[in-house]
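Participant: Below is one structure. I have some questions about it.
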Amino acid sequence: MFEKEIDRQKFSTFIEINNLINSDFSDNEALLTRILDSATRLTEGEASSLLLKNPENEKLYFEIALGSKGPDVKKYSLNLGEGIAGWVAQQNRSLIVNDVESDSRFFSDISKNVGFPTHSILAVPMRMSGSCIGVIEIINKAGGGKFTNEDLQWLEIFSNQAALAIRNARAFEQVKNEVRELRDTVQDKNDRHSIIGTSPVFQEKIQLARKVANTESAALITGESGVGKELFAEEIHFNSGRSNGPFIRVNCAAIPGDLVESELFGHVKGAFTDADSDRRGRFELADGGTIFLDEIAELPLDTQAKLLRVLEMKTIERLGSGMPQRVDIRILAATNKDLESMVAEGRFRKDLYYRLNILPLYVPPLRERPEDIPELADFFLQRFKRETNKPIEGFSQEAMDQLLSYSWPGNVRELENAVERAVVFCKGTVIQASDLILTNAMSADDETYQNKTLKEATHLFKKHYIQRALELNGWNQTKTAQSLGIQRTYLSRLIHDLGIEK
């Protein structure tokens, strides 16, 4: 009777995840995490990892790691054939090892370094078109038990689901990229966003951007998240001699690590699994125009080296080709990170930093130019009241005072979100302070927390704090979890438990 109940639970989970795979491609990491979490629970493991193989260097990288030492484990990688997971990837075969100390294939360094004793491992390959693209491994059967062939069979089913999720996500990402490429390629001056700001410090930066536009040198745009760095990149491009050429945007942080070079430089047919045709990269699409590399600090070091060659030689090589191809492009880059510190720590190439930083442009945060807040707030108000068809005339004096006194850690993007939220909540013709729901005043003296128990106040603070983090990260749960230093699955549970809604 107990075995049948377990089987039904596993089958139900299998159906649930299978439905998700075929319906939701928007957050592949969340889906893979759910698959791995289900596999871990149903095989009664203490911890688990999902490793993906990089076809360029034949290394296995920990894409997802669950368990108490998950964040620490993700810092490591394995060579093909190294450790149990490396053996499974190399042989493309599943493996049960219930006594790792007696198995010569066991690689103990990671276990020792992170302080997580490993006694048994169950590992299966993830396959795409018959080839191994990664490995799922479960660590330690709960209660000191042994993994069984039934555990192995179910884990193989879940590995097939994970491979299917990866394939669907890659296909979905390719379609999105192609649509974006077409949009960016045909973009003209009429598609530009507005740069709004009359404060002296902001006008000074706009004038500097127009001077930068008259050159062909690379430029590095820096500033906090949400200040409008992309708008300045547009300003430079559309005021330059390349204004009639394409303006190609690339969010370096949004490209999966194993696809970065293919996305930037393109690939030839057969360069890797699923490369069934030649494909132009973003640099080729930008030929004759400008390429904007946002969040440049997120590029892997090996890709940074290739980007340096593009800057110096004005040539690219499609992945798998080896044939240099000349491109006529200007490179603009942006980051909210301290690249000098990253250079000192060895996380960003020094030579690339100096090559990009020929023309530096710093965009000041909103708190340093409060004079721009009324104009920006009105701009967003006009947009959102048109979208919602609400007859809102403006802001009350109290509401405007709140806008002017708030520190805006999320800058213009946070202001835009706050105005949109206020338009939705506004019940009259004037936005009141209560409609803004700004969360900067969260001290123990705030009336929000008065007459509440410690548990209630803590619950409320958590809700506000996490909701604000989600807003600052565009409601992307993966990025929000990283910014908060917690597991993606734990964040999902908090969102549900705290009743947070978008």
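Participant: Restricting the stretch 128-176 to residues that are within 18 Å of Leu66 (Cβ to Cβ) and charged (D, E, K, R), which is modelled with the highest pLDDT?
Facilitator: Ranking the candidates gives Glu137 first.
Participant: Same structure, new question: Can you spot a residue in the stretch 194-213 that is modelled with pLDDT under 80, hydrophobic (A, V, I, L, M, F, W, C) and either part of a helix (DSSP H, G or I) or open to solvent by 50 Å² or more (accessible area, probe 1.4 Å) (or both)?
Facilitator: no
Participant: So which residues in the stretch 214-243 are among the polar types (S, T, N, Q), modelled with pLDDT under 95 and within 25 Å of the chain's Cα centre (by Cα), if there are any at all?
Facilitator: The one that is among the polar types (S, T, N, Q), modelled with pLDDT under 95 and within 25 Å of the chain's Cα centre (by Cα): Ser225.
Residue by residue, here is whether (1) closer than 20 Å to Ile195 by Cα; (2) outside any helix (DSSP H, G or I); (3) in contact (Cβ under 8 Å) with a residue 24 or more places away in the chain holds:
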{"position": "Met400", "(1), (2), (3)": "no, no, yes"}
{"position": "Leu404", "(1), (2), (3)": "yes, no, yes"}
{"position": "Glu414", "(1), (2), (3)": "yes, no, yes"}
{"position": "Ala418", "(1), (2), (3)": "yes, no, no"}
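Participant: Here's a follow-up. Starting from the stretch 215-238, keep only residues that are touching a residue at least 12 places away in the same chain (Cβ under 8 Å) and closer than 17 Å to Gly410 by Cβ, then list their pairs with residues that are among the polar types (S, T, N, Q) and part of a loop (DSSP other than H, G, I, E, B) whose Cβ atoms are within a distance under 6 Å, requiring at least 6 positions of separation or different chains.
Facilitator: Glu224/Asn336; Ser225/Asn336
Participant: Filter the stretch 287-305 down to the residues that are crowded, with 21+ Cβ neighbours inside 10 Å and part of a loop (DSSP other than H, G, I, E, B), then identify the one that is farthest from the chain's Cα centre (by Cα).
Facilitator: Checked the stretch 287-305; the qualifying residue farthest from the chain's Cα centre (by Cα) is Gly289.
Participant: In the set Gly241, Gly281, Gly266, which member is closer than 20 Å to Lys314 by Cβ, open to solvent by 20 Å² or more (accessible area, probe 1.4 Å) and not charged (D, E, K, R)?
Facilitator: Gly241
Participant: Quick check on my filter: what residues within the stretch 387-433 are on the phi > 0 side of the Ramachandran plot, surrounded by 15 or more Cβ atoms within 10 Å (Cβ to Cβ) and either at pLDDT below 90 or of a type in the set (Phe, Trp, Tyr) (or both)?
Facilitator: The one that is on the phi > 0 side of the Ramachandran plot, surrounded by 15 or more Cβ atoms within 10 Å (Cβ to Cβ) and either at pLDDT below 90 or of a type in the set (Phe, Trp, Tyr) (or both): Trp408.
Participant: Applying the selection to the stretch 307-335, what residues are over 22 Å from Ala233 (Cα atoms) and under 25 Å from the mean Cα position of the chain (by Cα)?
Facilitator: Once the filter is applied, which keeps residues that are over 22 Å from Ala233 (Cα atoms) and under 25 Å from the mean Cα position of the chain (by Cα), the stretch 307-335 yields Arg318, Leu319.
Participant: If you don't mind, there's one more thing I want to ask. Quick test of your reading of the structure: Leu332 fulfils all but one of (1) surrounded by 13 or more Cβ atoms within 10 Å (Cβ to Cβ); (2) not in a strand (DSSP E or B). Name the failing condition by number.
Facilitator: (2)
Participant: Scanning the stretch 306-327 for residues that are open to solvent by less than 30 Å² (accessible area, probe 1.4 Å) and assigned to a helix (DSSP H, G or I), which turns out farthest from Val260 (Cα to Cα)?
Facilitator: Leu311
Participant: OK, next. From the residues in the stretch 343-392 that are more than 29 Å from the chain's Cα centre (by Cα) and without any contact (Cβ under 8 Å) to a residue 24 or more places away in the chain, which one is farthest from Phe232 (Cα to Cα)?
Facilitator: By that ranking, first place goes to Asn389.
Participant: Looking at (1) assigned to a loop (DSSP other than H, G, I, E, B); (2) free of Cβ contacts under 8 Å to residues at least 12 places away in the same chain; (3) closer than 25 Å to Pro360 by Cα, which is the one condition that is false for Arg242?
Facilitator: Failed condition: (2).
Participant: Moving on to the next point. Run down Gly81, Gly86 and say which single residue is on the phi > 0 side of the Ramachandran plot and either in contact (Cβ under 8 Å) with a residue 12 or more places away in the chain or in a loop (DSSP other than H, G, I, E, B) (or both).
Facilitator: Residue meeting the stated conditions: Gly81.
Participant: Restricting attention to the stretch 108-161, which residues are among the polar types (S, T, N, Q), open to solvent by less than 10 Å² (accessible area, probe 1.4 Å) and assigned to a helix (DSSP H, G or I)?
Facilitator: Within the stretch 108-161, Ser159, Gln161 meet the criteria.
Participant: Right, here's the next one. Select from the stretch 322-338 the residues that are in contact (Cβ under 8 Å) with a residue 12 or more places away in the chain and either out of contact with any strand residue (DSSP E or B) (no Cβ under 8 Å at 6 or more places or on another chain) or β-branched (Val, Ile, Thr) (or both) and list them in ascending order.
Facilitator: Within the stretch 322-338, Val327, Asp328, Ile329, Ile331, Thr335, Lys337 meet the criteria.
The values are calculated or read from the model by the stated rules, or taken from the named source; none is laboratory data. What you see is a predicted model; the values in this text were computed from it and never measured. Using ideal geometry, Cβ is built from the backbone for each residue, glycine included, and neighbour counts are taken over all protein chains shown. Accessible surface is based on the protein model in full, side chains and every heavy atom, while ligands, DNA and RNA are left aside. Shrake-Rupley method; radii C 1.70, N 1.55, O 1.52, S 1.80 Å.
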